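In what follows, a structure is listed as structure tokens, so that the remarks can point back to it.
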Amino acid sequence: VAPPGFNLKTYAHNSFGVWQEEPENVVWRFSAKVARDAASYRFHPSETHELQPDGSLIVRFRAGGLQEMAWRLARWAGEIEVLEPARLQHMVRELGARLAGP
């Protein structure tokens, strides 16, 4: 039984995938090389897309679940820039270093 005032849609909008944490503003820039591919994904129900003059794509939304975001972004290694939040920038860099090995 859901607690009083619980709204599943609101709960889902605050998360990314299965991760639930305090939502943050998220901004990613995909290079022109992968912009079309990235635009075909639905990362989050509240996302917006902004095609840039250089062909890159800015994706914005608000959600928690930074760890799952980092794992998802590994697909576009070298073609994605995390603009916000800084904590996700750090997580993506650490993941890249771990994947590169010793």
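Which of the residues belonging to region 74-89 are in contact with a strand residue (DSSP E or B) (Cβ under 9 Å, 6 or more places away or on another chain) and modelled with pLDDT of 95 or more? Within region 74-89, E79, I80, E81, V82, L83, E84, P85, R87, L88, Q89 meet the criteria.
Beta carbons closer than 6 Å, at least 6 apart along the sequence or on distinct chains, pair a first residue in region 52-67 that is at negative phi with a second that is of a type in the set (G, A, S) and crowded, with 20+ Cβ neighbours inside 10 Å for S56/A35; L57/A35; L57/A38. R42 meets all of the listed conditions (1) among the charged types (D, E, K, R); (2) within 19 Å of S15 (Cβ to Cβ); (3) modelled with pLDDT of 95 or more but one, namely (3). List pairs: first in region 21-42 and among the polar types (S, T, N, Q), second open to solvent by 20 Å² or more (accessible area, probe 1.4 Å), Cβ under 6 Å, 6+ apart or cross-chain? Sorted first by the residue in region 21-42, then by its partner, the pairs are N25/R62; N25/E84; S31/E79. Filtering region 53-71 to residues that are open to solvent by 50 Å² or more (accessible area, probe 1.4 Å) and farther than 22 Å from T10 by Cα leaves P53, D54, W71. Being touching a helix residue (DSSP H, G or I) at 6+ places or on another chain (Cβ under 8 Å) and of a type outside the set (D, E, K, R) is a property that F43 has. Taking the criterion of being among the charged types (D, E, K, R), under 20 Å from R87 (Cα atoms) and either over 13 Å from the mean Cα position of the chain (by Cα) or open to solvent by less than 70 Å² (accessible area, probe 1.4 Å) (or both), the residues of region 8-52 that qualify are E21, E22, E24, E47.
The values are calculated or read from the model by the stated rules, or taken from the named source; none is laboratory data. Because the structure is a prediction, the values reported are computed rather than measured. When we count neighbours, we look across all protein chains shown, and the Cβ atoms used for this are built from the backbone with ideal geometry, even at glycine. Accessible surface areas use protein heavy atoms only, side chains included; no ligands, DNA or RNA. Shrake-Rupley method; radii C 1.70, N 1.55, O 1.52, S 1.80 Å.
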